[in-house]
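Single-structure report; data block below.
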Amino acid sequence: MDVEELDIVIVGGGICGLATALALHRKGIKSVVLERSEELRVTGAALGVFANGWRALHYLGLDSSLRPTAIPMLRAVDFWVDKGAVRETNYGTGEARCVRRNDLIEALGNALPSGTVRFGCQVVSVHIEKPSSTTVIQLHGGSLIKAKVVIGCDGANSLISNFIGLKPTRPFPTSAVRGLTVYPDGHGYNPEFSRIHKDKLLVGRIPIDEKTVYWFLVLQGSQKADEDISKDPESIRQMCIDTTTSFSDDTVAMIRNSDLTSLSFTKLRYRAPWDLLSGHFRREAVTVAGDAWHVMGPFLGQGGSAALEDAIVLARCLSKKMCGSGESRTVLSDEKAKEALNEYVKERRLRVMQLSLRTHITGLLLVGDLSFLPRLVCIVIMVVLFRDPMRHTRYDCGHL
């Protein structure tokens, strides 16, 4: 059987995988992305990108082309209908926009050299070859790839994270539906992130541009829908309509008129913040990035931006250990590769732990069914550790 030998292999062609390949390309480093789908996949309708994410996009050279696709958000507004309470969080000078996932995926994919992404390549196993410590990837169909460095960007159900030995992700007691709604004559909503709380439900709404709105519905506990509906967009939409009958007419209409092709139903999962602080995220010359490392709930809107940060830092750390110039740059040695991955994990660990902890506590306060004492503990943690509501968006992952 023929065995292909490559320097850097990225498993997964989502946002994180493509961003990592592009960051490496910007540093003159060639990589190969293995994507199991037959084309670039778009899971989810849109994602919030805050100032930290836009900095990463700037370092990738994509910010100027993506800004025209999404209007800037001025603030976040929470409405508690049952309590008659309102809370505003102004974004100030920080940049916040809601970007369509397909716009970001296409921008990343178009910026990569032809042949970087290999479609229809499903990784079924990974093992370390002894005594060389080379990583061997087996694809569906039996073909083998030997790689000096392997980066798992294969999402929350990551095969690579299992290989490294990460603790399993945990289910959050909620599910989420996400979708897009197009208003041909304009939606008329303010440029703000609105979260409407009612009857233990949470509906979020963010304008992408003057005619398109991204929305999501978070369902708790016994309100979680059966997994079977996740395969049928019509059933997803009808479930959302039935669940939100007590909401305003414009909210129900937004859901009723949603684009069926954009709808997704997900049972939320997360990697515990304390696991991120203590876990090992490298095995030999194999590591993880994005959701494969730090999958978190959508409550801060930082999953995508954190993945972009990972890509920048990982490419920077690897670049320091490379030899040669231009597209001929290669990994210097197995030990240098491990050193680079250790530096990457060291630099990112505290950042992703803080984001994960803040996201987790925010989610519990927003949609968790907490008794008095646990809620009080969460509030104290937020006041002590996260008093500044926008501090996490001012983070700069640094230039490539």
For the stretch 346-399, which positions are within 30 Å of T20 (Cβ to Cβ) and not in a helix (DSSP H, G or I)? F386, D388, P389, M390, Y395, D396, C397, G398, H399
Residues of the stretch 351-400 classified as of a type in the set (G, A, S), at pLDDT below 95 and in contact with a Lys or Arg (Cβ under 9 Å, 6 or more places away or on another chain), total: 1
What are the residues in the stretch 47-73 that are outside any helix (DSSP H, G or I) and closer than 14 Å to Q302 by Cβ, if any? L47, G48, V49, F50
Flag for V313 being within 20 Å of S158 (Cβ to Cβ), out of contact with any Leu (no Cβ under 8 Å at 6 or more places or on another chain) and at pLDDT 90 or above: yes
Which residues, counting only those in the stretch 224-272, are modelled with pLDDT of 90 or more, within 24 Å of the chain's Cα centre (by Cα) and exposed (fewer than 14 other Cβ atoms within 10 Å of the Cβ)? L260, T261
Looking at the stretch 1-21 only, could you name the residues that are more than 20 Å from G120 (Cβ to Cβ) and surrounded by fewer than 23 Cβ atoms within 10 Å (Cβ to Cβ)? E5, D7
With (1) modelled with pLDDT of 95 or more; (2) more than 30 Å from S333 (Cβ to Cβ); (3) among the aliphatic types (A, V, I, L, M) as the list, and A19 as the residue in question, which single condition is left unmet? (2)
With the structure loaded, tell me whether K167 is within 20 Å of the chain's Cα centre (by Cα), among the basic types (K, R) and either within 26 Å of W293 (Cα to Cα) or not in a helix (DSSP H, G or I) (or both) or whether it fails that test. yes
Could you tell me how many of the residues in the stretch 144-158 are in contact with a strand residue (DSSP E or B) (Cβ under 6 Å, 6 or more places away or on another chain) and surrounded by fewer than 22 Cβ atoms within 10 Å (Cβ to Cβ)? 5
Taking the stretch 86-115 and the residues there that are under 21 Å from the mean Cα position of the chain (by Cα) and polar (S, T, N, Q), the one that is farthest from L40 (Cα to Cα) would be N110
For D396, indicate whether it is acidic (D, E) and closer than 25 Å to L24 by Cβ. yes
Hey, can you tell me all the residues within the stretch 64-87 that are among the basic types (K, R) and more than 21 Å from T393 (Cα to Cα)? K83
Exactly one of (1) assigned to a helix (DSSP H, G or I); (2) at positive phi is unmet by E234. Its number? (2)
What are the residue pairs meeting all of these: first residue in the stretch 50-72, first residue under 21 Å from Y214 (Cα atoms), second residue among the polar types (S, T, N, Q), Cβ atoms under 7 Å, and 6 or more apart or on different chains? F50/S305; F50/T393; A51/T393; N52/S305; N52/T393; G53/S305
V203 is checked against (1) within 26 Å of A289 (Cα to Cα); (2) hydrophobic (A, V, I, L, M, F, W, C); (3) crowded, with 18+ Cβ neighbours inside 10 Å and fails just one. What number does that condition carry? (1)
Does G141 count as exposed (fewer than 14 other Cβ atoms within 10 Å of the Cβ), among the small types (G, A, S) and farther than 23 Å from G297 by Cβ? yes
Output for the stretch 179-211, where each listed residue is basic (K, R) and part of a loop (DSSP other than H, G, I, E, B): K200, K211
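The values are calculated or read from the model by the stated rules, or taken from the named source; none is laboratory data. Model, not experiment: these values are computed from the prediction. Cβ atoms come from the backbone with ideal geometry, glycine included; neighbour counts cover every protein chain shown.
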